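Below: one structure, written as structure tokens.
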Amino acid sequence: MIDRPTIERIKDAADIVDVVSEFVSLKKVGANYRGLCPFHDDHTPSFYVSPSRRTCHCFVCGEGGDSVGFIMKHEQLSYPDALRWLANRYHIEIQEQQLTDEQRKEQSEREALFIVNEWAASYFKDILENDIDGRAIGMQYFRQRGIRDDIMQRFRLGFCLTDRQAMAKAALAKGYKEEYLIKTGLCYRKDNGELADRFAGRAIFPWIGVSGKVVAFGGRVLDMRTKGVNQKYVNSPDSDIYHKDHELYGIFQAKKAIAREDCVYMVEGYTDVISMHQCGIENVVANSGTALSEHQIHILHRFTTNIVLLYDGDAAGIKAALRGTDMLLKEGMNVKVLLLPDGDDPDSFAKKHNAEEFRTYISEHQTDFIEFKTKVLLNGVTDPVKRSEAISSIIKSVSVIGDPIVRATYIQACASRLGIQEQVLIAKMNDNIREYRDERRKEEERKRRSSAYLQQDFVSTGQQPTTVTQPTVTRQQDDMPPPDAFLPPEAFSTPSEQGSATQTQQQTTAAKAEPATQQKQQVTKIKETVSDLLIKAVIKHGHEILYDEVETEEGEKVSLTLAEVVSYDLESDKLQFSSPLYNRILSEAVAHSHEEGFDAERHFTLHPDYEVSSLAIRLTEERVLLSKSLQINLTEETLRDQVTHLLLDFRNEYVTAKMAQLRTDIALATDEPQRQMELMAQLQEMQKVRNAIAKKIGGSVVTR
């Protein structure tokens, strides 16, 4: 357990801008910072960080929180582990009891895999530095490659002994389970059932994720077996914490330099990255010979939109440069290509030049991707058919670019270079764009039909989706209470409302299959309900006095805060929010409302419970920050009027739902005349209550 004072120290030390900047490239906008959201496929910056509120929030997908909440969401950590992550970053000591065997068993499997990998990285590094064979074989290899000791430390390089059971035995002796050694890919079972080390006899290159956790390993054969073998390198297999197309080698060591330089160099191998770091160029990552994936591009896009593909000048390098570039262009990246002189790769070139010379060479020789593709595909081509195919491929690359101005600029350049009329190229480009749109529409239609079929299947089998009776407002977090959770437990929805919920569920299911842009539109249309507005008032102003010197039945004079007014008013009619979280926030606001220095908004947005803080941030975040001169100054009177109206609206919605349920019960009680009469009498009473509420609100209610 982490005690409350330590939690407060961690939160006070954690600078929200500093924390988010570890994962997102931020730019200052007024008093706040803005960047691409790391929680959805964001192409226009929608993620805002507020230093004054010490919170972050995405105005598209709704994700956000304080520094702890951000780390929890981004790193998929529990609340205590997110605190430990921040404590480690800010060098805050946490006094905790040693985990017992039982507690260790209770840790999640994902966390256990990270723990095993972290131990393995330290084990391999220790073998490299301190074991006789490690120094004689592994260290000798790295030294022959010219890698300095400080660079070995930065990339946590290591060595695995040639004994195929040495690492496994050491791990088991430390208490790590066989199942985790296998799931991480560190070990595998031989045909005879023995546990064997996957990386035995290899130099070790740990893969460190963007957050600094070891997610996988790469191992290189060092002896004579490297001659003529097809697989000099072996990588960890896919696991719960590692997917090769989701990771980039060197991203953790490079992310700050990428953001600082606003550019990233993409190379192929481990040693290319390491040698360029040693040369003094740190904004470099490797995809290790695989085609770039959308996941990898999205990681890079958080830090920069500029990428230079840096490869050998041979046929393999040209092929690598052409691979995946359409995807880069489609994702809005500005792509340049540099092929090094024949016989050089980034590793060897970096060893011959210092950082300034290397950067100068890149600046003078890098080529725009379209120009590069034109040279490669049309070099020496005279056959009209092949030339036509090459030009079509070039225009296809231009077509995937999202910015119409950039597309137009490239078309003009292509027309000039290729000697073809611009209108002809535009016509071809437009054909490609139409094909892309048609394919996307067809895919969306297939997904919609699939979701509709699933809904129909529920109906035909007599089953109901579990979310049908849930609130109809789209929710962005499964653990977030429904925004319209205002009805007491005994309130029910009518058949017509259930039908509406079913329809909304179908729309929501279909929306999940739609492109990110359509999801974005749907999310931004979500409206705050009465319950949202009421609990929002409690969070923002719960500590403020609404009634001063109110005389009680005992003759005492007391002051009532907004939180107390809401609580007492609901209790008078035995009403409550259906969301336990909303009720909990109201109760907590009442309990603290008279404490000296208590500020409800600060208390809840920085609450130690992530569920509370994330809800508070979502409800109180303002998209447009007005200057003080334009802000509305809420007086005691205006705030009191707002709360009074919200409480009336709250009752009105409860009564409306109750009336709907009574009508349903009346329709179902056709065989029970006496019960029908009783229900109708209740309905009439409810109608009177509803009319009375309507008069107080200032409107009229039409009876049905």
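The values are calculated or read from the model by the stated rules, or taken from the named source; none is laboratory data. Quick caveat, the model's predicted, so the values are computed rather than measured. Positions of Cβ are backbone-derived with ideal geometry, glycine not excepted, and every protein chain shown enters the neighbour counts. We work out accessible area using only protein heavy atoms, side chains counted, and drop any ligands, DNA or RNA first. Shrake-Rupley method; radii C 1.70, N 1.55, O 1.52, S 1.80 Å.
Of note:
- More than 18 Å apart - percent of Cα-Cα pairs taken over the stretch 539-620: 44 percent
- Debye log10 I(q)/I(0) for the stretch 394-453, one point scatterer per Cα, at q = 0.15 Å⁻¹: -0.51
- Taking only protein heavy atoms and a 1.4 Å probe, the accessible area of the stretch 141-234 is 47% carbon and sulfur.
- Among Thr620, Leu570, Leu546 the positive-end extreme of the charge dipole of the stretch 533-626 (Cβ point charges): Thr620
- With every protein chain in place and a 1.4 angstrom probe, the accessible-area ranking of Glu564, Glu118, largest first, reads Glu118, Glu564.
- With Cα atoms as the point set, the radius of gyration and Dmax of the stretch 1-82 evaluate to 12.8, 40 Å.
- Net dipole in debye of the stretch 268-350 [+1 Lys, Arg Cβ; -1 Asp, Glu Cβ; about Cα centre; nearest 20]: 380 debye
- By accessible area with a 1.4 Å probe, ligands and nucleic acids excluded, highest first: order of Asp41, Asp66: Asp41, Asp66
- Isotropically averaged projected area of the stretch 286-362, using the convex hull of Cα atoms (one quarter of hull area), nm²: 5.2 nm²
- By a 1.4 Å probe calculation restricted to protein chains, Arg640 has an accessible surface near 60 Å², given to the nearest 10.
- In order through the stretch 121-133: 3J(HN,Hα) via Karplus (6.51 cos²θ - 1.76 cosθ + 1.60), integer Hz, x for Gly, Pro: 4, 5, 5, 4, 5, 5, 4, 4, 8, 10, 7, 4, 5
- Amide hydrogen neighbours beyond the local backbone of Leu157, cut-off 5 Å, H modeled: none
- For the cross-link pairs Lys190/Lys232; Lys177/Lys213; Lys174/Lys232; Lys256/Lys352, the ones whose C-alpha atoms lie over 23 Å apart are Lys174/Lys232; Lys256/Lys352.
- Pairwise Cα distances in the stretch 557-598 exceed 11 Å in 65 percent of cases.
- Between Ser559 and Glu549, Val550, the built amide H atoms are under 5 Å apart, and every one of these is 5 or more places off in sequence or on another chain.
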